[in-house]
Amino acid sequence: MTVDLLIDWLNTIGDFPVLAFILAVVISGIPLFLVMALNAMVAVYVERKVSAFMMDRIGPMGQGPGLHAGKWGLLQTVADAVKLLVKEDTVPESSDKVLFKMAPFIIFIGAFMGLAAVPFSQTLQVVDFNVGVFYIIAVGSIGVIGIVMAGWASNNKWSLYGAMRSAAQIISYEIPAGLSIIIPIMMAGTMNLQELIHFQSGSVWGILPNWIIFNNPFSFIAFFIFFISAIAETNRTPFDIPEAESELVAGWMTEYSGFRWAIFFLSEYANMLIVSGLAVAGFLGGWQSPIPGLFDSGAWGLFWFMGKVASLIFIMMWFRWTFPRLRVDQLMHVCWKVFIPIAMLNIFGVGIWKLIFG
Amino acid sequence: MGIVHGDQMILNIGPQHPSTHGVLRLEVKTDGEIVSEVKPYLGYLHRCFEKHCENVTYEQVVPYTDRCDYLAAMNSNFGYVVAMEELMEIKVPERVDYIRVIMGELNRVASHLLALGVYGLDVGAFTPFLYMLRDRERILDMFEYTCGARLLYNYMWVGGVSHDLPKDFVQICLDFLDYFEPQISEYNELLTYNKIFIERTADVGVLPADVAVSFGVTGPNLRGSGVKWDVRKDEPYSIYDRFDFDVPTGTGEFGTVGDCFDRYWVRMLEVKESVKILRQALKDIPDGDVHQAIPKKIRPPKGSVYRRTESPRGDLGYYIVSDGTPVATRLKMRSPAFTALSVLDEISRGWMISDVIAILGSLDIVLGEIDR
Amino acid sequence: MTFAEIKATIEKQYPGSVLENEGLGDHQVELKGEQWIEIATYMKTDPTLCFDQLECITGVDTGEEGPLQSRYNLHSMEHRHKIEVVICHDRKNPKVASIEQLWRIGDWFERETYDMFGIVYEGHRDLRRILCPDDWEGWPLRKDYEGQESYHGIIVPKIKEEEGWE
């Protein structure tokens with residue numbers, strides 16, 4: 001959407017379509033990158049504080065604005081980021097240097113491309129694809145190539161284990177996630193994210209918002225399958241077996257440090273944002289207000305969308321600091337023997353539901 | 001799960017690894033994720049404890065025992081002084097016995113809390129670890145209040161203890177117990193009854209009773225396999241025969257008797273039993289002089305003694321051979337973690353790498369004591 | 001069973017295997033090294049003795065002139081009785097049969113005693129040093145042990161007689 005508007009506007013200035021296209025992409029890409037960096041910074045800070053409060057600690061308190069001790073460690077992530085950026089760039093002697101250096105960028109590209117289609121509000125969306133849902137799911141899988149590359153190129157057994165686990169996990173969990181996100185598509189009859197959100201306006205029975213999650217029992221179940229699969233896709237506890245620090249040291253990231261590692265980190269948090277965004281757009285009414293008709297216009301859209309995304313990310317953090325980690329075979333068991341059959345039944349059920357009530 | 005012979009890969013876990021609980025190297029033969037052999041390599045932390053003991057006087061051995069099992073230094077002291085008193089036939093005052101039992105049990109609680117918390121960490125749960133450390137901290141504060149040290153106490157001496165209890169210690173300790181007992185159910189809600197935790201530990205690494213006995217596994221690990229053996233009950237030392245407490249054993253609540261969950265659960269129950277003992281000891285503690293029976297010079301008669309005590313990790317034995325001089329001819333420590341580690345290969349074959357970490361964690365080893 | 005009964009049972013089963021030794025304590029019995037593996041098997045499997053747990057193996061060096069000893073602390077989980085078996089070895093050529101396959105923990109205990117005293121347990125399947133590095137020289141806990149000067153370029157601290165550590 002934003003890109004299209006930009007191209008139209010640039011075309012009014014003069015007749016140079018190729019240049020206008022490149023300019024528009026660059027201009028809309030920079031804020032996207034800023035969103036990604038800002039998201040990671042805020043999320044890391046919040047994660048530190050959330051984990052601290054859950055563990056009966058106080059978390060970072062030292063860094064922050066102010067002359068003496070600082071306040072609530074507000075600048076902790078800034079300090080972390082600076083530390084990572086100025087750290088020595090180490091590449092193991094025996095690694096495959098080309099792949100080793102390439103891997104972070106591929107992971108980053110996957111996350112960056114996904115972010116382009118996230119509908120932050122009615123108008124704030126870089127590209128409004130007509131196959132937005134499909135696009136996000138598709139580019140989400142690019143990351144796994146980077147992970148396998150990183151694990152292989154590090155020439156380290158821990159990394160290899162991590163990469164193999166990660167590949168198996170992400171590919172497996174894409175199936176229940178994909179099967180569950182089909183349900184909103186079936187309900188709304190569109191893959192366009194904006195249209196999908198517009199479909200969810202209004203209310204049911206006058207109280208509940210007309211979100212797809214409340215539409216029928218099948219979509220209610222589908223939301224949870226999607227959300228749990230999304231956590232697994234972002235490699236977070238209880239599905240963090242690819243980087244399981246007590247088993248694999250740091251999994252596929254073992255040999256990375258400094259800026260390359262920071263990129264992994266950035267992508268991880270961006271991925272959390274993307275999958276939560278998709279869940280919000282697909283099931284929770286996107287940028288629509290939870291009270292139908294109230295605070296529904298303009299900048300409120302951004303507020304509601306980010307609020308819902310933040311709640312989902314908070315739940316992900318909550319999980320992380322509560323649950324132990326699954327074992328790799330249990331993980332596969334949950335995916336293939338529990339989620340996929342339920343997701344299949346869900347699709348069937350929604351079809352019947354639509355036939356009867358729709 | 002059976003053993004698979006396919007393309008095998010050797011994986012070195014340690015000496016620097018987050019889950020080896022110290023400086024331990026495991027050479028693991030794996031086929032994919034499945035482990036077919038685990039070979040522990042020890043000695044990275046070998047500090048010649050036994051050689052030291054042959055070169056220092058008997059009094060000077062006590063600080064060295066601290067450094068063996070550094071998570072339960074009181075119990076290490078306890079074992080040594082009990083063995084020495086048996087060799088020298090010293091009768092210590094009542095108060096000393098009570099103080100020793102209180103300290104030993106407090107340290108057992110502290111040590112088990114760390115073991116349980118770290119076990120949570122091994123299977124990926126971070127928060128319970130910090131909850132347990134928070135409560136362990138209060139026990140360490142009490143030790144600091146009593147003898148000035150938080151980790152390595154040098155508190156129990158042959159014939160007595162280094163300092164008497166502070167005047168308000170009994171009240172502080174009772175307050176702690178009142179605070180602590182409800183916490184146990186919080187740990188259970190957070191970790192023990194978590195579905196994922198049960199899935200990860202139940203039926204994993206089953207250690208049958210006969211294998212456990214043959215491998216000399218003792219303490220909570222043996223009781224997890226269903227064998228009711230506790231030195232405090234079956235071969236009472238000090239004044240343990242006066243207290244009323246149970247010896248919890250593994251029942252296979254969620255899986256098979258002797259699995260990782262049972263070993264974990266026995267520790268949790270033992271913490272409750274220790275609290276029971278503490279309450280009784282704090283109630284009955286008499287007055288007296290704690291330095292009265294400390295000999296001026298320690299010269300045990302010619303002979304030898306083997307005395308075992310129940311440390312949080314199992315039967316902690318001291319074998320002392322004396323030739324009548326103030327320096328031991330031979331002092332051997334029979335370390336419970338040493339025997340527990342030896343069984344690792346036997347019970348981890350055919351399990352996955354994640355399970356090997358879980359099994360190792362459930363055995364609760366301390367490398368300081370294994371390598372000595 | 002009391003200690004005297006256990007001793008008598010062994011004496012009856014293997015006449016001449018129990019040696020007299022004045023210096024031993026209450027629960028100790030000295031046995032002949034040659035017959036150790038048979039006696040051990042008997043002690044483990046006989047239902048009246050049933051020593052199913054090997055508590056500890058301690059190597060002892062009785063001094064420059066005296067023999068080396070292996071001391072086995074045995075315990076029965078079933079009958080709750082215990083005994084300590086002492087076996088003396090020739091200083092020049094310390095050797096005894098391994099009980100590693102009877103009590104599995106014997107594996108590591110024998111390796112440890114071998115590591116510290118150089119007592120060879122014949123029939124042990126994997127008799128290596130356990131606590132010291134594989135290429136360490138000498139048997140550290142023997143009374144006549146002379147530490148090596150340096151180990152891979154690291155100077156080994158010396159112990160002085162009577163005065164403790166240098």
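Could you work out the mean count of beta carbons from other protein chains within 10 Å of each residue's beta carbon in B:124-135?
For this peptide, the per-residue mean of nearby foreign Cβ atoms is 5.
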Which whole number in µm²/s is D for the protein assembly as shown by Stokes-Einstein, with the Kirkwood Rh taken over Cα pairs at 25 °C and 0.890 mPa s?
79 µm²/s
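First measure r as the distance between the Cβ atoms of A:LEU19 and A:ILE352, then evaluate 1/(1 + (r/R0)^6) with R0 = 45 Å and state the FRET efficiency to the nearest 0.05. List each step's numbers first, then the result.
Details: r = 53 Å, r/R0 = 1.17.
In this case the efficiency is close to 0.30.
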Could you work out the longest stretch of chain A that avoids the GluC sites (Glu not before Pro) located in DSSP loops with at most 12 other Cβ atoms within 10 Å?
A:94-358
If Lys and Arg each add +1 and Asp and Glu each add -1, what is the summed charge of the other residues whose beta carbon sits under 15 Å from the beta carbon of A:LYS87?
-2
Could you tell me, in Å, what Rg and Dmax come out for the Cα atoms of chain A?
21.2, 67
Taking the Cα of B:TYR179, stepping 7 Å toward and past its beta carbon, and measuring to each backbone N in region B:112-150: which are under 12 Å?
B:134-142
Region A:1-86: translational diffusion in µm²/s, Stokes-Einstein, Kirkwood Rh over Cα pairs, 10 °C, 1.306 mPa s
100 µm²/s
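Using only atoms on other chains, find how many Cβ atoms lie within 10 Å of each Cβ of peptide C:100-112 and report the average.
Per-residue shielding by partner chains comes out at 4.
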Would you calculate the convex hull of the Cα atoms in chain B and tell me its volume per residue in Å³?
124 Å³
Label zone at A:LYS101 (point 7 Å along Cα-to-Cβ), backbone N below 19 Å, region A:234-275
A:255-264
The answer for chymotrypsin sites (Phe, Trp or Tyr not before Pro) in region A:193-253 that fall in a DSSP coil and have at most 16 neighbouring Cβ atoms within 10 Å is A:TRP205
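Compute the longest continuous run of chain B that contains no exposed chymotrypsin sites (Phe, Trp or Tyr not before Pro); treat a site as exposed when its DSSP state is not H, G, I, E or B and it has at most 16 other Cβ atoms within 10 Å.
B:194-372
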In µm²/s, what is D for region C:3-132 at 20 °C and 1.002 mPa s, where D = kT/(6 pi eta Rh) by Stokes-Einstein and Rh is the Kirkwood radius from Cα pairs?
144 µm²/s
Here FRET efficiency (C-beta to C-beta, C:LYS12 to C:GLU34, R₀ 25 Å, nearest 0.05) is 0.85
Using a Cα-Cα cut-off of under 26 Å, which lysines could be cross-linked to B:LYS51, ignoring same-chain neighbours fewer than 8 residues away?
B:LYS296, B:LYS297, B:LYS302, B:LYS332, C:LYS92, C:LYS95, C:LYS143, C:LYS158, C:LYS160
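Each reported figure results from applying straightforward, stated rules to the coordinates on display, with no laboratory input. Small disclaimer: the values here were computed from a predicted structure and weren't measured. As a convention, Cβ positions derive from the backbone with ideal geometry for all residues, glycine included, and neighbour counts pool all protein chains shown.
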